[in-house]
Number of protein chains: 2
Amino acid sequence: MNNTKSRPLILITNDDGFTAPGIMALVEAVSEFGELLIVAPDSPQSGMGHAITINNPLRINSTHYFNGHQAFNCSGTPVDCVKLGIYKLAKENRKADLVLSGINHGSNVSTNVLYSGTMSAAIEGAMSGVPSIGFSLLDYDLEADFTVAQHFVKKIVKNALANKLKEGTCLNVNIPKLPLSEVKGIKVAKQAKAFWDDTFDERADPLNKNYYWLAGKFHNHDKGEDTDMWALENNYVSVVPTQYDLTAYDVLEEIETQFEG
Amino acid sequence: MNNTKSRPLILITNDDGFTAPGIMALVEAVSEFGELLIVAPDSPQSGMGHAITINNPLRINSTHYFNGHQAFNCSGTPVDCVKLGIYKLAKENRKADLVLSGINHGSNVSTNVLYSGTMSAAIEGAMSGVPSIGFSLLDYDLEADFTVAQHFVKKIVKNALANKLKEGTCLNVNIPKLPLSEVKGIKVAKQAKAFWDDTFDERADPLNKNYYWLAGKFHNHDKGEDTDMWALENNYVSVVPTQYDLTAYDVLEEIETQFEG
């Protein structure tokens with residue numbers, strides 16, 4: 001990490017928008033660990049994945065919403081926010097030492113990492129060479145209690161700063177909805193092989209034209225006890241080290257054989 | 001693959017919208033190989049990554065744009081299109097045998113796979129258990145000549161159907177902008193470690209309020225000769241087998257040690 005003499009610069013974003021309780025809970029939990037720069041979407045951006053804004057310009061507004069911390073909201077996606085925080089909005093062009101995303105209202109386990117704006121922001125941080133962590137609480141309620149989540153955020157961020165998480169490392173942290181006394185601890189795990197069986201809820205508008213809501217059920221086909229879903233079902237906080245190299249190394253040779261000649 | 005008695009059902013989408021020349025070029029190239037189902041966005045969706053539409057309903061329209069092939073456009077993202085094609089719009093609820101995405105107008109090499117709507121559509125296909133391929137031509141021109149790209153699309157799709165690409169396999173295919181005689185062949189490769197150095201182009205609107213365009217330069221830090229970027233720079237078509245498991249297996253143990261106690 002750079003800036004060894006000053007406090008670490010922690011870039012914070014989320015995907016539920018800057019007014020979501022989860023980002024305020026994150027800010028409160030980590031303000032003791034460094035100087036904060038908050039860049040968050042001006043509206044909810046759930047399910048935006050790794051989207052970036054290239055067909056439209058971005059609007060940025062400075063906001064006093066976060067008790068004196070340097071903060072901006074922007075019209076873009078969570079990934080746009082990370083790019084702005086790293087390459088544009090930091091004072092004296094200082095590069096962030098850590099990117100934190102969340103605390104998301106709801107789970108980001110398993111393959112949901114791909115749809116998740118929260119985790120895509122963290123992956124973007126890692127791609128920019130900054131260690132990054134995404135936090136999600138398994139509670140979709142906007143009135144959710146973030147106290148237990150904050151406890152683990154503090155623990156994990158303190159650990160990350162002390163151990164100097166490697167450049168490009170990204171962690172996907174999911175926290176069960178449980179009282180602290182029932183959480184068994186932190187489990188480092190792999191992404192479960194679980195998928196959505198999608199359905200589309202068909203409705204008619206007042207003009208009798210159909211529209212469709214994406215719905216569906218999430219099914220875990222993975223019986224392993226080393227997955228994030230297993231950890232959460234067994235009352236652990238799950239931590240999945242997450243990478244941006246999508247190469248399927250295990251089938252490289254097989255595919256090579258198929259495409260020979 | 002299922003439906004051994006009938007022709008394979010090939011689901012086709014793209015991220016440049018259903019009127020883009022690239023998807024028509026893809027449809028033309030593969031219509032001889034199976035029954036086509038085309039579901040494409042009704043507007044350009046570049047850079048949408050793995051975004052899904054959950055805060056808004058989807059609109060779907062049947063279209064005669066594709067010379068008699070069953071075709072729909074929808075208000076959603078490329079990933080929405082794949083979900084609709086697999087779970088909603090196929091005749092007799094037939095599950096697609098192959099998902100094809102593209103032909104994208106422009107490169108999707110290296111880490112661009114994460115931002116790419118084209119590749120996210122293919123990854124979504126793989127997550128639904130269907131072998132999937134994303135095609136991109138390194139030519140951003142809307143007047144681009146897709147003849148050479150079509151040659152390799154045919155070759156690769158034929159190969160994929162003959163070799164029965166494994167369930168869940170996803171290929172990222174990038175085709176250089178070259179005459180056929182100068183293309184050296186197909187190279188199976190890994191995703192290069194290359195990244196954007198982002199900049200934001202600042203402008204003032206007529207009301208003197210600032211807005212920003214995401215810009216920047218793409219830098220290849222990867223000197224390996226086994227990458228997609230190397231392949232393309234050396235006049236090969238690159239094929240990267242791509243996975244949706246983002247677990248960073250190589251640092252699992254290290255992170256475990258860091259979070260012990």
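Calculate, for A:Leu142 and A:Val183, the FRET efficiency according to 1/(1 + (r/R0)^6) with r their C-beta to C-beta distance and R0 35 Å; round to the nearest 0.05.
The computed FRET efficiency comes out at 0.95.
Placing unit charges on C-beta atoms (Lys and Arg positive, Asp and Glu negative, everything else neutral), compute the dipole magnitude of the protein assembly as shown about its Cα centre in debye, rounded to 20.
It comes to approximately 200 debye.
Once you treat every alpha carbon in chain A as an equal point and sum by Debye, what is log10 I(q)/I(0) at q = 0.13 Å⁻¹?
-0.83
Would you please state the base-10 log of I(q)/I(0) at q = 0.07, 0.08, 0.10, 0.11 1/Å for the protein assembly as shown, with intensities from the Debye formula using one equal scatterer on every alpha carbon?
-0.37, -0.48, -0.77, -0.93
Counting pairs of alpha carbon atoms under 8 Å apart in space and at least six apart in sequence, what relative contact order in percent does region A:127-247 give?
31
For chain B, which span is the longest to avoid every loop-located (per DSSP) member of GluC sites (Glu not before Pro) having at most 14 other Cβ atoms inside 10 Å? Let's see the in-between values first.
Values: sites that count: B:Glu143, B:Glu167, B:Glu225, B:Glu260.
For GluC sites (Glu not before Pro) (loop position, at most 14 other Cβ atoms within 10 Å), the longest site-free span of chain B is B:1-142.
In percent, what relative contact order does chain B have, based on Cα pairs under 8 Å that are 6 or more apart in sequence?
The value is 17 percent.
Along Cα-to-Cβ, 7 Å out, sits the label point; list in nm, shortest first, how far the one on B:Asn56 is from those in the other copies.
Inter-copy label distances (nm, one decimal, shortest first): 0.8.
Sorted from fewest to most neighbouring beta carbons within 10 Å, what does the list A:Lys223, A:Lys95 look like?
Exposure proxy ranking, most exposed first: A:Lys223, A:Lys95.
Which net charge results for the neighbourhood of A:Gly224, defined as the other residues with beta-carbon distances under 11 angstrom from its beta-carbon, given Lys and Arg at +1 and Asp and Glu at -1?
With Lys, Arg at +1 and Asp, Glu at -1, the neighbours total -1.
For B:Gly224, go 7 angstrom from Cα along the Cα-to-Cβ vector, then report the distances to that same point in the other copies in nm, smallest first.
Distances between equivalent label points, in nm: 2.1.
Using a label point 7 Å beyond Cα on the Cα-Cβ vector, give me the inter-copy distances for A:Lys155 in nanometres, one decimal, shortest first.
With the label placed 7 Å along Cα→Cβ, A:Lys155 yields 5.5 nm.
Every read-out reported here was derived from the displayed coordinates using simple, explicitly stated rules and does not represent laboratory data. Note that the structure is predicted; figures quoted are calculated from it, not measured. All Cβ positions, glycine included, derive from the backbone under ideal geometry; neighbour counts span all protein chains shown.
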